[in-house]
Amino acid sequence: MPLQTFRYAACGGFNTVLDITLFFFSYNYILLKSPLLVAELTISAHIAAFLMSFIITFPIGFYLSRYVVFQVTSVTKRKQLGKYFIVVLFCLVLNYLCLKFFVDSLGWYPTPSKIATTFFVVVFSYLSQKNFTFTAKQ
């Protein structure tokens, strides 16, 4: 296994476990499985928990990717952060759509749905980060 792939797996694994743990605790113990009311908007508990965990794991994921996984790069930190944010926005949409599908359409429990969603997002994220965000000069 290439070193970069190993580092991505280790850092991504850590951040993924953190994400799922934060999701679980947010959903079950902070939100108490109840929708979140923000002004006139009602956010379902599983989507609110996903957003809460994202706020913490986004910066951690960026710094692990920049300084541990993709150390050789031709892009400045500012540009990387912008590119990273674009990829993460796509990951957010993918997370949202998968969670809505698994929980609301299939009736799965939220935490297993989050775990299943993570598998799809990790593959997309790795390929996007490697080939777009943290590209190295050839």
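The values are calculated or read from the model by the stated rules, or taken from the named source; none is laboratory data. For clarity, every value in this text was computed on a predicted model and none was experimentally measured. Note: ideal-geometry Cβ built from the backbone for every residue, glycine included; neighbour counts use all protein chains shown.
Among (1) free of Cβ contacts under 8 Å to residues at least 12 places away in the same chain; (2) farther than 15 Å from PHE50 by Cβ; (3) within 14 Å of the chain's Cα centre (by Cα), where does VAL87 come up short?
It is condition (1) that VAL87 fails.
Taking only pairs six or more apart or across chains, which ones have beta-carbon atoms under 7 Å, a first residue in region 3-19 that is among the charged types (D, E, K, R) and part of a helix (DSSP H, G or I), and a second residue that is modelled with pLDDT under 90 and surrounded by 16 or more Cβ atoms within 10 Å (Cβ to Cβ)?
ARG7/VAL69
Results for (1) free of Cβ contacts under 8 Å to residues at least 24 places away in the same chain; (2) of a type outside the set (Lys, Arg); (3) in contact with a helix residue (DSSP H, G or I) (Cβ under 8 Å, 6 or more places away or on another chain); (4) surrounded by 15 or more Cβ atoms within 10 Å (Cβ to Cβ), shown as yes or no for each residue.
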{"site": "VAL93", "(1), (2), (3), (4)": "yes, yes, no, no"}
{"site": "PHE101", "(1), (2), (3), (4)": "yes, yes, no, no"}
{"site": "SER105", "(1), (2), (3), (4)": "yes, yes, no, no"}
{"site": "TRP108", "(1), (2), (3), (4)": "yes, yes, yes, yes"}
{"site": "LYS114", "(1), (2), (3), (4)": "no, no, yes, yes"}
{"site": "PHE120", "(1), (2), (3), (4)": "no, yes, yes, no"}
{"site": "VAL123", "(1), (2), (3), (4)": "yes, yes, no, no"}
{"site": "TYR126", "(1), (2), (3), (4)": "no, yes, yes, yes"}
{"site": "ASN131", "(1), (2), (3), (4)": "yes, yes, no, no"}
